[in-house]
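Have a look at the structure below, then the notes.
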Amino acid sequence: MLELINVSVNVKEGYIKKKKTIINDISFVLKDEKALGIIGKSGSGKSTIANAILGLIKNSSGDIIIDGKMHNQFSRMKRAKMVQLVTQNPDSSFDSDTTVLQSLVEVMKIHKLLTSQVSVEDLLSPLLKDVGLESINLNKRPNCFSGGELQRLSIVRALLVKPHIIILDEVESMLDTITRIQLFDTINKLRKKYSLSYIYITHDIRVLPKLVDNILILNSGRQVDYGAVEILLTSENQYIKELRDNIIMEVKNNEQII
Ligand SMILES: Nc1ncnc2c1ncn2[C@@H]1O[C@H](COP(=O)(O)OP(=O)(O)O)[C@@H](O)[C@H]1O
Ligand SMILES: [Mg+2]
């Protein structure tokens, strides 16, 4: 279980080092095997929440608690085993100078996953099958794969360490509609198979009801709404209203075409 209690992150900006609060008083609970959606305009602090959970940016106040312990009590390695991040840009998440296989083996070595009984193939085969890439040749550099394939391979890399929480930060934003739908399908299957809980950061309110249980709506670093996914239908937040209006417009336009 992951819990954020009144978490804020301040940074110092500019040459006069003026304090700027980029997330302010964020609280939520992510229970085991549940999924939370985080939605908000660009710059509203979504990735900062992810970075704070991962310990990549320090929270200035509040508590981040993973499985009952303050998150900074865990070593970096242990935390990486518990929480994994899959980011928006699959191109930059694999080293462009080596093959994808080498990058994946590197993760296995860092986390000491290879033993005399467990081979690279033992670790990779089931995961590649899970994400629908069982017959793929991994002996190629990242630029030889499609965006959808790389995004799935990022998920494979995240799952190698058997995390119980995965944070998916706008993973669909570089993908076309069909590839997106397939990716969401895969994510849902993985959630059940590996008893994962996840945080899904997105701009797409259409996919959230299929993927998450709860929603956190952000505006300028503050949480404006938090609750069951249905709040997407009722939230008075201007950004969510605009997203709802866009969907209504799309539906109307499609009706005209038909
Ligand atoms: N390390 C940092 N130092 C200074 N400002 C930052 C830092 N990280 C993020 N920000 C700022 O904080 C705000 C929120 O950023 P971010 O969490 O990336 O938003 P989102 O993911 O919702 O687009 C932005 O204005 C961004 O420029
Ligand atoms: Mg972001």
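The values are calculated or read from the model by the stated rules, or taken from the named source; none is laboratory data. All values derive from a computational prediction rather than experimental measurement. For neighbour counting, all protein chains shown are included, and Cβ atoms are generated from backbone atoms with ideal geometry for every residue, glycine included. Keep in mind that these areas ignore ligands, DNA and RNA; they rest on the heavy atoms of the full protein, side chains included. Shrake-Rupley method; radii C 1.70, N 1.55, O 1.52, S 1.80 Å.
Structure above, values below:
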item: Dipole-positive endmost among Leu101, Ser125, Ser8 within the chain (Cβ charges, Cα centre); result: Ser8
item: Accessible surface of region 2-257, 1.4 Å probe, proportion on carbon and sulfur as whole %; result: 50
item: Signed unit charges on C-beta, dipole axis of region 104-219, positive-most listed residue Leu216, His111, Ile199; result: His111
item: Contour excess over end-to-end distance, with Cα ends at Asn139 and Asn219 and 0.36 nm allotted per residue; result: 24.5 nm
item: Cα-centred dipole magnitude for region 116-190, charges only on beta-carbon of K, R (+1) and D, E (-1), debye, nearest 20; result: 160
item: Accessible-area order (highest first, 1.4 angstrom probe) of the listed residues Ile57, Ile66; result: Ile57, Ile66
item: Ranked order, Ile64, Ile16 - accessible area, probe 1.4 Å, largest first; result: Ile16, Ile64
item: In region 164-258, chymotrypsin sites (Phe, Trp or Tyr not before Pro) in a DSSP loop with at most 16 other beta-carbon atoms within 10 Å; result: Tyr194
item: Magnitude of the charge dipole, region 2-257, Cβ model with Lys/Arg +1 and Asp/Glu -1, debye to 20; result: 860
item: Using a Förster distance of 30 Å, the FRET efficiency for Val251-Glu33 (Cβ separation, nearest 0.05); result: 0.35
item: Loop chymotrypsin sites (Phe, Trp or Tyr not before Pro), region 1-74 (other Cβ atoms within 10 Å of the site Cβ: 12 or fewer; DSSP); result: Tyr15
item: Net dipole in debye of region 108-245 [+1 Lys, Arg Cβ; -1 Asp, Glu Cβ; about Cα centre; nearest 20]; result: 560
item: Heavy-atom accessible area ranking, 1.4 Å probe, most first, across Met174, Met77; result: Met174, Met77
item: Surface accessible to a 1.4 Å probe, Thr177 within the full protein complex, Å²; result: 100
item: For the chain, with +1 on Lys and Arg beta carbons and -1 on Asp and Glu, the positive-most of Ser27, Val156, Asn89 along the dipole; result: Ser27
item: Rg and Dmax of region 2-257, Cα atoms only, in Å; result: 19.1, 63
item: FRET efficiency, 1/(1 + (r/R0)^6) with R0 41 Å, evaluated for Thr177 and Leu101 via beta carbons; result: 0.90
item: Separation in nanometres of the label points that stand 7 Å from Cα toward Cβ, at Arg206 and Leu113; result: 3.4
